[in-house]
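Working notes for the structure below.
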Amino acid sequence: MGKIPLDSFITDQESTVMKYYACTLVCLIASFSWISTTKAAEWKPLIGKSLSEHWRTDGHWELHDDGVIHLPNQEYKHWRHYKNYLILKDVLLNDFEIAFDWRVAENSGLYFHIPDLKNLEERKHKEVQLYENSKWNKPEFGDHTAGGIIPGHAPTKDVSNPSSAWNHMDIKCVGNHITVAINGTIVTEADLSEGKAGERSTYGGFAFQDHGHAVWLRNIKLKNLDNATQR
């Protein structure tokens, strides 16, 4: 006895219904993919009703009622009190854009690509420097001046305001390409695979440095550009 084609048991009506559900499933998958991509590219505010909503620290960082995060001046003036850093909780990324307003009495910075948020001492991260450039006493700017990328990439311009005025910083990192803009002007553009920065991590989290000097931050927001898992 010859084989009977399967479609001989499917009526025209059933075939139409099956095609409808198949089309609907394809549309849902496409819609979900679009939504996921869109969410990954949205800005996420990082200042909430309490400091601990997005950040953790054992230091003296304070969230004021006006939305400003402030670190008062400390007796020590060094960067080795890692537990006192302002660490962004549960976010690890390769590619990102982060923007914020800042003021510093002298020295701070934004650590990024921290591979282990519980072990900053490893120093496998990179850093964008927040610095009061009037304090710089060398003839040429280095990677420790405002907008410099530590290690190894100095800014090409000085456009930051004095410590009495706010600055705006925008940092965008995609692959090994990074740009740092202060007050709307790109001051540093670099290939992070070059030099000593190329020896550091390319994936990880974020933290603001406690160097013992007063710091003010506001309007911090982050954009996930690689859809990495937020743990």
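With a Förster radius of 25 Å applied to the beta-carbon distance between Ser164 and Glu199, the computed FRET efficiency rounds to 0.10.
Between the DSSP loop rule and a limit of at most 14 other Cβ atoms within 10 Å, which GluC sites (Glu not before Pro) in segment 44-91 are left?
Numbers: sites: Glu53, Glu62, Glu75; in loops: Glu75.
Sparse-neighbourhood loop GluC sites (Glu not before Pro): Glu75.
Give the cross-link partners of Lys135 among the aspartates and glutamates, using a straight C-alpha distance below 13 Å as the criterion and excluding same-chain residues fewer than 8 apart. Within the straight-line cut-off, Lys135 pairs with Glu106, Asp158.
Which residues does a label at Asn183 reach in segment 133-153, if reach means a backbone N under 19 Å from a point 7 Å past the Cα toward the Cβ? What the label zone holds, given the 19 Å backbone N cut-off, is 133-137, 141-142, 144-149. Could you please state, rounded to a whole Å, how far the C-alpha centre of segment 36-110 is from the C-alpha centre of segment 181-231? Each part's Cα centre sits 11 Å from the other's.
Rounded to the nearest 20, the Cβ-based charge dipole of segment 41-157 about its Cα centre (Lys and Arg +1, Asp and Glu -1) stands at 300 debye. In the structure shown, do any of Lys49/Lys196; Lys118/Lys196; Lys83/Lys172; Lys157/Lys223; Lys77/Lys221; Lys49/Lys138 have a Cα-Cα gap over 31 Å, and if so which? From the list (Lys49/Lys196; Lys118/Lys196; Lys83/Lys172; Lys157/Lys223; Lys77/Lys221; Lys49/Lys138), the Cα-Cα distance tops 31 Å for Lys49/Lys196; Lys49/Lys138.
Rounded to the nearest 20 debye, the dipole magnitude of segment 124-215 is 100 debye, with +1 charges on Lys and Arg beta carbons, -1 on Asp and Glu beta carbons, and the Cα centre as origin.
Taking θ as phi - 60° and the Karplus parameters 6.51, -1.76 and 1.60, the scalar couplings of segment 107-112 work out to 9, 7, x, 10, 7, 9 Hz in sequence order, x denoting glycine and proline.
Local charge for Leu120 was computed over the other residues whose Cβ lies under 15 Å away, with Lys and Arg +1 and Asp and Glu -1, and equals +3.
Loop only per DSSP, at most 16 neighbouring Cβ atoms within 10 Å: give me the chymotrypsin sites (Phe, Trp or Tyr not before Pro) in segment 45-119, ordered by residue number.
Values: sites: Trp55, Trp61, Tyr76, Trp79, Tyr82, Tyr85, Phe96, Phe100, Trp102, Tyr111, Phe112; in loops: Trp61, Tyr76, Trp79, Tyr85.
Answer by residue number: Tyr76.
Only the coordinates and a few stated rules stand behind these numbers; no lab work does. Note that the structure is predicted; figures quoted are calculated from it, not measured. Positions of Cβ are backbone-derived with ideal geometry, glycine not excepted, and every protein chain shown enters the neighbour counts.
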